[in-house]
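One structure is given below, encoded as structure tokens.
Values in this text are rule-based calculations from the coordinates and carry no lab data. The structure displayed is predicted, hence computed values, not measured ones. Please note: Cβ atoms are built from the backbone with ideal geometry, for glycine as well, and neighbour counts cover all protein chains shown.
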Ligand SMILES: Nc1nc2c(ncn2[C@@H]2O[C@H](COP(=O)(O)OP(=O)(O)O)[C@@H](O)[C@H]2O)c(=O)[nH]1
Ligand SMILES: [Mg+2]
């Protein structure tokens, strides 16, 4: 699962990337730890030798936008298709020290990238429809080409009206087809407005509109985020209070990326290693076991499950076992976000 930062030059992509990834600052691809207060509490209780966070893969400068750096629309689309989620960083801050081509205009930048995404999908749908026009199968109900033809007509129609594929209702088969073509407007899109330091609390019209449509949007100052990231842990909270925010916006954004990717977290609470594992929502205990290790899945007997909210009441995993708050679940159990799991296995 990989998220890509996109946006015009000088929007603040690299600054934001470094803020969420202070360790591997020299690479443009990073495994970013997903902040999780539950995990912190669990680690405090277990005191493991090693703690391993769930991560999301984040790519800086994921694509070159058409018209910038000489990228053609087709190159842009091809590059963007590789990602499971896109984060559009938009420049709102104005700073004479930072060179740029035009005065900042978040709404213009949002809509111009949005149009590129829609156009790329329309092109893809139309190319496919052209091929399907020559297919005999496309005329026979029940055949895959027939289904695709119907679906792509619908998609092309909506895209031409400026709608995203996310907004179109699709059944499971249609969803599968859409995923296999990696349409850009079917992917989750997160908007990050990079504002001036003194403007963190004034949402723009664009943000209000996006929020009203339930689209994920973050107002942050990348420069401050980078500063926060460089602070030692104990200095962060006073800093947040000083500038009137509850937690780092970049951290909230990473949590939103994780959720938009359809991931939940289960925990393993070992004394050697306590770990937060990402898992696709709806996955079974067997899949969770396979995520830990294929051998553990092969020898699967039962999953011992304590939910985090039960642990949180008691504050001790072993005590949860003693108080019968542990459930034994089989292979087909659907893992819930926050489950603390121990797999009993033959090995
Ligand atoms: N004043 C100010 N400058 C910023 C902010 N974010 C980025 N910059 C500066 O803008 C320039 C471009 O930022 P960068 O992250 O490299 O943009 P990118 O081209 O999108 O990767 C750099 O000189 C940054 O230091 C911000 O929030 N405030
Ligand atoms: Mg950059």
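Each row is one residue, and each column tells you yes or no for (1) crowded, with 19+ Cβ neighbours inside 10 Å; (2) part of a helix (DSSP H, G or I); (3) within 16 Å of ligand 1 (Cβ to nearest atom).
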{"residue": "152", "(1), (2), (3)": "yes, yes, no"}
{"residue": "155", "(1), (2), (3)": "yes, yes, no"}
{"residue": "178", "(1), (2), (3)": "yes, yes, no"}
{"residue": "198", "(1), (2), (3)": "no, yes, yes"}
{"residue": "202", "(1), (2), (3)": "no, no, yes"}
{"residue": "228", "(1), (2), (3)": "yes, yes, yes"}
{"residue": "236", "(1), (2), (3)": "no, yes, no"}
* **Filter result for residue 72 (more than 16 Å from ligand 1 (Cβ to nearest atom) and free of Cβ contacts under 8 Å to residues at least 40 places away in the same chain)** => yes
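May I ask you to verify whether residue 313 is more than 30 Å from residue 224 (Cβ to Cβ), without any contact (Cβ under 8 Å) to a residue 24 or more places away in the chain and in a helix (DSSP H, G or I)?
It is true that residue 313 is more than 30 Å from residue 224 (Cβ to Cβ), without any contact (Cβ under 8 Å) to a residue 24 or more places away in the chain and in a helix (DSSP H, G or I).
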* To do: From 9, 35, grab the single residue that is in a loop (DSSP other than H, G, I, E, B), within 26 Å of residue 207 (Cα to Cα), in contact (Cβ under 8 Å) with a residue 60 or more places away in the chain and more than 13 Å from ligand 1 (Cβ to nearest atom).
  => 35
* Asked: Mind checking whether some residue in segment 273-280 is surrounded by fewer than 18 Cβ atoms within 10 Å (Cβ to Cβ), in contact with a helix residue (DSSP H, G or I) (Cβ under 9 Å, 6 or more places away or on another chain) and more than 30 Å from residue 217 (Cα to Cα)?
  -> no
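Here's the yes/no breakdown for (1) without any contact (Cβ under 8 Å) to a residue 40 or more places away in the chain; (2) within 16 Å of ligand 2 (Cβ to nearest atom); (3) over 29 Å from residue 183 (Cα atoms); (4) outside any helix (DSSP H, G or I):
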site: 15; (1), (2), (3), (4): no, yes, no, no
site: 18; (1), (2), (3), (4): no, yes, no, no
site: 43; (1), (2), (3), (4): no, no, yes, no
site: 64; (1), (2), (3), (4): yes, yes, no, yes
site: 77; (1), (2), (3), (4): no, no, no, no
site: 86; (1), (2), (3), (4): no, yes, no, yes
site: 89; (1), (2), (3), (4): no, yes, no, yes
* Take the residues of segment 204-226 that are in contact with a strand residue (DSSP E or B) (Cβ under 9 Å, 6 or more places away or on another chain) and in a loop (DSSP other than H, G, I, E, B): which is surrounded by the most Cβ atoms within 10 Å (Cβ to Cβ)? -> 221
* Asked: Which of (1) in a helix (DSSP H, G or I); (2) farther than 30 Å from residue 315 by Cβ; (3) in contact with a helix residue (DSSP H, G or I) (Cβ under 7 Å, 6 or more places away or on another chain); (4) away from ligand 1 (no atom under 15 Å from the Cβ) is the odd one out, the single condition residue 3 does not satisfy?
  -> (1)
* Asked: Which of the residues spanning segment 132-150 are surrounded by fewer than 14 Cβ atoms within 10 Å (Cβ to Cβ) and part of a loop (DSSP other than H, G, I, E, B)?
  -> 133, 134, 136, 140, 141, 142
* Quick one: in segment 183-196, which of the residues that are buried (at least 18 other Cβ atoms within 10 Å of the Cβ) and within 16 Å of ligand 1 (Cβ to nearest atom) is farthest from residue 98 (Cα to Cα)? -> 190
